[in-house]
Each structure stands twice: as C-alpha cells, then as structure tokens.
Amino acid sequence: MRRLSLSLLIVLVAAGAGAQDHAKIQKDFPAEEFIERRARVMEAIGDDAIAIVQGAPAAPGFIVFRQSNEFYYLTGIEVPHSYLLIDGRNRRSLLFLPRRDPRKERGEGRMLSAEDTEEAMAASGVDQVFAIDQLARQLYGFALRPPSPTLYTFMSPAEGRKQSRDENLIGHAQHVSDPWDGRASREGAFVGRLRERYPQFPIADLTPIVDTMRLHKSPRELELIRRASELAGMGMMEAMRSTKPGLYEYQLDAAAYYIYRINGSQGEGYRSITATGTNAYFGHYYRNDAELKEGELILMDHAPDYRYYTSDIARMWPVSGVFTEDQRKLYTFIVRYSAALLSRLRPGVTPDQVMDGAAEEMEPVIDELGFTNPLHEKAAREALVFRGHLSHPVGLAVHDVGSYRARPFEAGLVFALDPMLWVHEERLYVRMEDVVAITENGVVNYTDFMPRTVDEIEAFMREEGVLQLTPPDPGTPPPPPR
C-alpha cells in the first residue's frame, strides 16, 4: 500500500510539473459577475466619486498567499500588492498589478503581472491594466481640476485566511492597547497615506456599501457555500465515526481536515473547535489537545476554506458512541428546536416571527421530554427566550459581513441556524449548527444529509473511521499538560 501511494504521488507530481507555466486565474466566476459588482459600487458612490481597493500584501516566509475577501469579491484577482480603482465619473475600472519578477517566477512559477494586460482584463473585466507605479499618476489626474471627487476606500480591516471582520477588529484593539506595539491597521495606514499625499480628496468609507452587497449571495456564490458545507459535513462525519475513548481532540480535527484537503479545499475557513467534556462550554475553544473520555460529549465546529467561501456547522456526539439518558434528552431538545426554526424560514417573515413561533411550538416538547434534572429543564426553558439561535451571515467569511435581523428574510441570504442551550452549573453547552440559504420559495439546509437524531448518530458511530483504518502511531506521546 505504501509503495502504491508513493507511485501515485510521483505520477501526480509529474503530471503537475508543467502546471505553473500559466498564471493562476480563478474559474468560479466569469468576468461579467465582477463587472456587475463594480457597477453596483459605482451606483452607490455616485458619478462624482472614485474608489480605491487595496489587495492583500505578499505573505511572509512560507505562508501561502491568499487574496483578501474584499479585493477578491470585486476582481477575482489573486495577486499580492494589487490595487483596484473604480471611477464613478467615467464608469471605468482600472487594475494595478506588480511588474513581472523573473527571479520569483523561476522559484514559484508564472504569476499574473502588469505585463499580462489582456489576460488580466479577460479574467476580471476591468477596462485597463497598469503597473502599480502608475496609480499615483492616475490619482493626480483626478486631483488636477477641482473640485476633487470623493475618494472611497475600505476603513475596516480586510479579511484574509481564517479571518472575519469581528475577530480582526478585536485583534486590532489588542494591538492598539499594547503600549509597546500600538501600530495602525494596514487600512488606517493606507487612509493616512492618501490624506497625506492627496489632501484635496474628501475620504469616505467603502465598507458599508460592499457589506450590503455581500449579504445577498449570487447563484455561483451559493453553489460554493453549498459545496463548502457539504465538505464540512463529510469531514465532521469522518471525525464522528473515528471517535473512540483515548484519542485526542486534535486527532478528530485531523480526520476532518483530511477530508477538506483531498476534496480541493485550501485549508480551514476558521480554526477548529473540537472540544470534549467541559471544554465545549467555551464558545471559541481552540487548544484541541484534551483526551476523549468515556461519558463525555464532543463538540465539533469546523468548516473548510473552499475557493474563498466557507460554511459554519457544528454537531455533538458521545465519545462512547452511546448517549446517556440526560444527554439524549438535551440533544433531542436541540434537534427538535432546529426543526421548529427551520420549518418557519422563508422569504417575507422576520427573524422575530420565526423565533417566537418556534418557541411556542417547543414549550410542550419540554414537558414531553420529561427532564428529570431540574437544571436541564431550566436551561431548555431559558433557551426559548434566547434570541441568538438565528445567528450570523456566512459566506466569504465564517462570520460574514452585513446584518439581516432588522427586516424580513429575502432570497439569497445565507446564515447559521444555531439552536443552543447552557447548563451553567454543570459547565455544559449543547448545540447543533447548520448553514441555511433563503430561496425564492422557502429555505435549503446545506447539511441536511448528516446524521441528526440521537439514534442516527449512534448508528453512524458504529462504523469505522479513518483513525481506525490508519491509526495514529502508538509511540506518539500525548500533548503536554495544560
């Protein structure tokens, strides 16, 4: 088997040896979709304004470059140190790329450069392509005849690999609060540079305009999120069937990640939450180094970065493969709550209407389940009051931008359906998360193929997983104590 695997690897490497003769250009979106997005930006900023979008910088060391979500959304171009100029006055888009670097290309393969004018225009639909050093000249032209146009640019932190806006803002706050650090964000530095060099331009924030656009997904975006959700479910199912007492959280994480990578994902959409026992009580637990023990529940919340789009799903299952009676009642409550919420999702209804109707339906279910632990019954009743079960949008980022909660649902919205409860006295957190999309006629749950009920989960866990077929090396030492 090892000899066969090595032979297959050699064939694949040989087959891909010439693949870097061509620059990397995404194939998921036609240029027309980027043209349409930029046209919407032009409509929003008006015909007396321009917008500049800064792409992501080159990655340090051996980190693989990934374009920022914002720049990718408007161009599809995956080249570091790129810039986009959207001209609302003349209804044109200009792309600025680094010049060709033969030395770098000898080591890493062909890269899209400023010299590749026709190729870059065909991929992104821009009107012209220039080298980066020409951007100042273009801006000078706008400043030549007053009044100068308003200049829009992103003022919020750009989203990169495994990032979302909210977490980036938290990280920036930590930098600013450190008296030995205190550095400005890249976006802040860029805005400062624009103000210093072109004080005649009024500067405005492009962020809310593009955030509103990103809230409603196109058919091609929906397909990528569907596939990301499918791979997330497949990975979680592999972790589920691989679960056995004595394994470690990170080994289940690895089982899911294996499924992502062999199916074309470029890594994780966000860091894995793989939490056994009371570790699951911490909403963003990430250490993933604890041993799985009989009698505990394991929570996994994980999804891939699939061609810039991700998902956000979570499941819980028993380490032993069989739920205890108390665990069975709590998880059954969550499963039925999820169904009650899902059945009410459709265009035209509001989030409050969905949650109020589902809570009313679930009241008698609490009595029907017959909780013998009063703390568990109390937690279930409190869950019906909690308003966060219809969670954040999902798309280019796991906590995607935009807000849908203040108005009726519309087709194209994608968000996390995440019923949950807390038993604080026992440091117990129980939840089940799916990613759903509102359609013209109702809703689609992208992970409805996964085992959901306690009986389905227990039956599924009787199968062997990748960790049994290819077990960890028995000589591997356990992680150091926390």
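Of everything in the stretch 191-218 that's in a helix (DSSP H, G or I) and of a type in the set (V, I, T), which residue is farthest from V41 (Cα to Cα)?
To start, the set of residues in the stretch 191-218 that are in a helix (DSSP H, G or I) comprises 191-197, 207-215.
Next, only the ones that are of a type in the set (V, I, T) stay: 191, 207, 209-210, 212.
Details: V191: 19, T207: 11, I209: 7, V210: 7, T212: 10 Å.
Across the stretch 191-218, the extreme among qualifying residues is V191.
Kindly indicate which of G395, G348 is part of a loop (DSSP other than H, G, I, E, B), open to solvent by less than 10 Å² (accessible area, probe 1.4 Å) and modelled with pLDDT of 95 or more.
Numbers: G348 fails: open to solvent by less than 10 Å² (accessible area, probe 1.4 Å).
One residue alone meets the criteria, G395.
Cβ separations smaller than 7 Å between residues 6+ apart or across chains give the following pairs from the stretch 48-70 residues that are farther than 16 Å from S93 by Cβ to residues that are open to solvent by less than 10 Å² (accessible area, probe 1.4 Å) and of a type in the set (S, T, N, Q): A56/Q67; A56/S68.
Residues are listed down the side, and each one gets a yes or a no for (1) of a type in the set (V, I, T); (2) out of contact with any strand residue (DSSP E or B) (no Cβ under 9 Å at 6 or more places or on another chain); (3) farther than 20 Å from T274 by Cβ:
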residue	(1), (2), (3)
L428	no, no, no
G442	no, yes, yes
Y446	no, no, yes
F449	no, yes, yes
Q468	no, yes, no
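Does E221 satisfy the condition of being surrounded by 21 or more Cβ atoms within 10 Å (Cβ to Cβ), of a type outside the set (S, T, Y) and in a helix (DSSP H, G or I)? Full working, then the answer.
Working: surrounded by 21 or more Cβ atoms within 10 Å (Cβ to Cβ): yes; of a type outside the set (S, T, Y): yes; in a helix (DSSP H, G or I): yes.
Answer is yes for this residue.
Screening Q20 on (1) out of contact with any Gly (no Cβ under 8 Å at 6 or more places or on another chain); (2) modelled with pLDDT under 90; (3) of a type outside the set (A, V, I, L, M, F, W, C); (4) open to solvent by 50 Å² or more (accessible area, probe 1.4 Å) shows it passes everything except condition (1). Go through the stretch 49-134 and tell me which helices (runs of 4 or more DSSP H), entirely inside it, have 3 or more residues that are crowded, with 18+ Cβ neighbours inside 10 Å. Where helices (runs of 4 or more DSSP H) fall fully within the stretch 49-134 and carry at least 3 residues being crowded, with 18+ Cβ neighbours inside 10 Å, they are 69-75, 117-124. Annotation note: Cβ proximity below 8 Å between a residue of the stretch 243-255 that is touching a residue at least 12 places away in the same chain (Cβ under 8 Å) and a residue that is surrounded by fewer than 19 Cβ atoms within 10 Å (Cβ to Cβ) and in a helix (DSSP H, G or I) (sequence gap 6+ or interchain) occurs for K244/Q468; A255/V466.
Kindly establish whether R462 is open to solvent by 10 Å² or more (accessible area, probe 1.4 Å), without any contact (Cβ under 8 Å) to a residue 60 or more places away in the chain and assigned to a loop (DSSP other than H, G, I, E, B). I'd like the intermediate steps shown before the answer.
Working: open to solvent by 10 Å² or more (accessible area, probe 1.4 Å): yes; without any contact (Cβ under 8 Å) to a residue 60 or more places away in the chain: no; assigned to a loop (DSSP other than H, G, I, E, B): yes.
In short, no.
Can you tell me which residue is nearest to L222 (Cα to Cα) among those in the stretch 370-392 that are open to solvent by 10 Å² or more (accessible area, probe 1.4 Å) and of a type in the set (G, A, S)? Per the criteria, the residue is S391.
Beta carbons closer than 8 Å, at least 6 apart along the sequence or on distinct chains, pair a first residue in the stretch 161-184 that is in a loop (DSSP other than H, G, I, E, B) with a second that is of a type in the set (D, E, K, R) for R161/R66; R161/D305; K162/E268; K162/R271; K162/D305; S164/D400.
When you check S229 against the structure, is it outside any strand (DSSP E or B), crowded, with 22+ Cβ neighbours inside 10 Å, of a type outside the set (F, W, Y) and at pLDDT 95 or above, yes or no? Yes; evaluated as a whole, the condition is true for this residue.
Take the conditions in contact (Cβ under 8 Å) with a residue 40 or more places away in the chain, out of contact with any His (no Cβ under 6 Å at 6 or more places or on another chain) and hydrophobic (A, V, I, L, M, F, W, C) and apply them to A123. Does it pass? Write out each step before concluding.
Details: in contact (Cβ under 8 Å) with a residue 40 or more places away in the chain: yes; out of contact with any His (no Cβ under 6 Å at 6 or more places or on another chain): yes; hydrophobic (A, V, I, L, M, F, W, C): yes.
When the stated conditions are applied, A123 passes them.
Sub-7 Å Cβ pairs linking a first residue in the stretch 201-220 that is on the phi < 0 side of the Ramachandran plot to a second residue that is surrounded by 16 or more Cβ atoms within 10 Å (Cβ to Cβ) and among the basic types (K, R), at least 6 apart or interchain, are M213/R37, ordered by first then second residue.
Would you point out the residue of the stretch 278-297, among those that are part of a helix (DSSP H, G or I) and among the polar types (S, T, N, Q), that is least open to solvent (accessible area, probe 1.4 Å)?
Our first condition is that a residue be part of a helix (DSSP H, G or I); within the stretch 278-297, this holds for 278-281.
Then drop every residue that is not among the polar types (S, T, N, Q), which leaves 278-279.
On the way: T278: 70, N279: 20 Å².
Once the filter is applied, the top-ranked residue is N279.
The values are calculated or read from the model by the stated rules, or taken from the named source; none is laboratory data. Given the structure is predicted, the values throughout are model-derived calculations rather than measurements. Backbone-built Cβ (ideal geometry, glycine too); neighbour counts: all protein chains shown. Heads up: the accessible areas ignore ligands, DNA and RNA and are worked out on the full protein's heavy atoms, side chains in. Shrake-Rupley method; radii C 1.70, N 1.55, O 1.52, S 1.80 Å.
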